[in-house]
1. Would you please classify the overall shape of the range 40-293 from the alpha carbon gyration tensor, given that a ≥ b ≥ c denote the square roots of the eigenvalues, rounded means a/c under 1.5, and beyond that prolate means a/b larger than b/c while oblate covers the rest?
2. Once you list every other residue whose beta carbon is under 12 Å from the beta carbon of Lys47, what net charge do they have if Lys and Arg are +1 and Asp and Glu are -1?
3. Would you grab the residues whose amide H sits under 5 Å from the one on Lys165? Only those 5+ places off in sequence or on another chain, please, with H modelled 1.01 Å from N.
4. For the range 177-194, in order, what is each residue's ³J(HN,Hα) by Karplus, 6.51 cos²θ - 1.76 cosθ + 1.60 with θ = phi - 60°, in whole Hz (x at glycine and Pro)?
5. Positive end of the dipole of the range 40-293, charges at C-beta (+1 Lys, Arg; -1 Asp, Glu), about the Cα centre: which of Ala191, Gly285, Ala120 has its Cα farthest in that direction?
6. Checking the table Lys62/Lys165; Lys50/Lys149; Lys47/Lys249; Lys47/Lys259; Lys165/Lys259 against a 23 Å threshold on Cα-Cα, which pairs fail?
7. With a/c under 1.5 counting as rounded, go ahead and sort the range 166-238 into rounded, prolate or oblate using the C-alpha gyration tensor (a ≥ b ≥ c being the square roots of the eigenvalues; past the cut-off, prolate if a/b is larger than b/c, else oblate).
8. Would you grab the residues whose amide H sits under 5 Å from the one on Leu199? Only those 5+ places off in sequence or on another chain, please, with H modelled 1.01 Å from N.
Amino acid sequence: MKKILFLGIIIVLCVVIPSFYFLVSPQLQPTPILSNKRPVVGVVLQKDGKHGTYVVYSNYVKALEGSGAKVVPVWINENESYYQSIISSINGLVFPGGSADLLDPTDIGGAGQILFDLAAKLNDEGVHFPILGVCQGFQLLATASARQKVLISCNGTIKDNLPVKFIEDPHQSYLFKSAPPQVVEILRNEAITPNIHSLCVTRGNLNRLGLITEWRVLSIDYTKNGLEYVTSMEHTRYPFAGVQFHPEKSIYDLSENSKYVSNYTAVFANRWFYDWLVMEARMNGNTFSNISVNDRIIDRYCPELITSKYGTVLNYYFNSTLNSTVKRVDGWDEQVSVRELKDNSNVNEKN
């Protein structure tokens, strides 16, 4: 009896407690080749016809800052010299979610194509430059690679919390190789990734366009009609990765009507994707040469609180891109987006 009790205590001490500690404790990441203590990550703007000309959704800003990065807005519809300057100054990039026409050269698709090409060129030259594409941004990575239409209809809007259906060992991938095992297990076994999209990237289309060797598909899922589509992938040569779902929504989209899972395991696992990007950005040594980064960060802009049928969100809206005003606020110079006063008469509008 004493032996059985002793064995039971050993099992608890050696298996149960370490496993629980591993789940709740942050894991040490490999030391980057170049340790950038405060990486700067750009988030690309996109058109928004409802509240302003351009928008950056604050969830992306919060997610990146939560992983230790400063955030810089990257304008759209600018000339190539601007993009060459910005990509040589920042340490990584997010292609965010949205509902843009990715083949419109005046929207995020046009800027994304230029940025994708410049980032690929930097990596070819030995400068480590990562990109994370989220939902629409994931689709933009595929579109920029193909330089033509890639997406097909999902036969309806996919609006659900889903597990990740890995098609091979994720720990053999670049995106997940440093992830704590518990992150992978949670993603695989729990329905915690927020999905909301009506267009899909398929392995068939990647193969048809000759991209199946350029992109490594990590996971798939199926529509209600049985259509297989890709939910995560990574580039085979560059530190580019994309996910069809929205990791940041589980953590920061906590509006009253939100249906996204935001329990402990959902937050723990979904954090990985932005942690991965910022960890990769720490390997990049780009800096702003003629201006302080604090003059470019998004904190200098004023976000707005918007209420709609989906709930209340805080976002950054712009009436112009590089043209902005500077006003004095409590003795500080604060750069704000250009907005017409009449457009601000009712911030909490319904849409």
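1. Cα axes put the range 40-293 in the rounded bin.
2. Result for the neighbourhood of Lys47: -3.
3. Ile220
4. 4, 9, 6, x, x, 5, 4, 4, 5, 5, 4, 6, 10, 10, 7, 10, 8, x
5. Ala191
6. Lys62/Lys165; Lys50/Lys149; Lys47/Lys259
7. The shape class here is oblate.
8. Hits under the 5 Å cutoff: Cys154.
Read-outs: derived from the displayed coordinates by stated rules, not from any lab. The model shown is predicted, which means the values in this text are computed figures rather than measured ones. Glycine gets a Cβ as well: all are built from the backbone with ideal geometry, and neighbour counts include every protein chain shown.
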